[in-house]
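A short write-up of the structure that comes next.
The values are calculated or read from the model by the stated rules, or taken from the named source; none is laboratory data. On a predicted model such as this, the values are computed, not experimentally measured, just so you know. For neighbour counting, all protein chains shown are included, and Cβ atoms are generated from backbone atoms with ideal geometry for every residue, glycine included. Please note that ligands, DNA and RNA were not included when accessible areas were found on the heavy atoms of the full protein model with its side chains. Shrake-Rupley method; radii C 1.70, N 1.55, O 1.52, S 1.80 Å.
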Amino acid sequence: MTNTPSLEDTLKAAQGLVEQRLAAVEAHKRNVDAENAARQELAERERETARTWSDLLASGWTVAELRRIPGFSEPKVKVPGRPRTKRKAPTPTTPEVPAQLGATVDAGESAETTSA
């Protein structure tokens, strides 16, 4: 006689495996969220560092002087400038065809031959 597990035992074992997998997904999701938050915090901190660097330069410090201070270096991120407006591309001008000539006229034809 074989010893086969009951339906309840099989379902409990499967439920345990699913719970382990879900716990792994939950741990990974928490890490992804923490990483994204850290990236956002870093980006904000870089912008703030760039702003304070710009303030130092505006107050009279030179880049060479600031580089001589231990721990100071030019920020990798630049302070955002004023927004740029996009220039409109020039529209090509098309020669206007007089209304009495019709919709199309070949270069070699005259108005009389097209309206006949």
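Could you name the lysines in cross-link range of residue 29, using Cα to Cα under 26 Å and dropping any fewer than eight places away on the same chain?
Cα-Cα hits under 26 Å: 12.
With label points built 7 Å along Cα→Cβ from the Cα atoms of residue 4 and residue 39, find their separation and express it in nm.
For the pair residue 4/residue 39, the computed spacing is 5.1 nm.
Rounded if a/c is under 1.5, else prolate if a/b is larger than b/c, else oblate: which is region 23-89, with a ≥ b ≥ c the root eigenvalues of its Cα gyration tensor? Before the final figure, lay out the partial values.
Numbers: a/c = 4.30, a/b = 1.51, b/c = 2.85.
Taking the square roots of the gyration eigenvalues as a ≥ b ≥ c, region 23-89 is oblate.
Could you order 47, 84, 67 so the one with the most accessible surface comes first? Probe is 1.4 Å.
On the way: 47 120, 84 180, 67 140 Å².
Largest accessible area first, the list is 84, 67, 47.
In nm, what is the difference between 0.36 nm times the number of residues separating residue 93 and residue 66 and their Cα-Cα distance?
On the way: separation 27, 0.36 × 27 = 9.72 nm, distance 5.44 nm.
Once the chain is fully extended between residue 93 and residue 66, it gains 4.3 nm.
How much FRET efficiency would the formula 1/(1 + (r/R0)^6) give for residue 51 and residue 21, where r is the Cβ-Cβ distance and R0 is 35 Å, rounded to 0.05? Kindly include the intermediate steps, with their values, before the conclusion.
Values: r = 45 Å, r/R0 = 1.30.
Taking R0 as 35 Å, the efficiency between residue 51 and residue 21 is 0.15.
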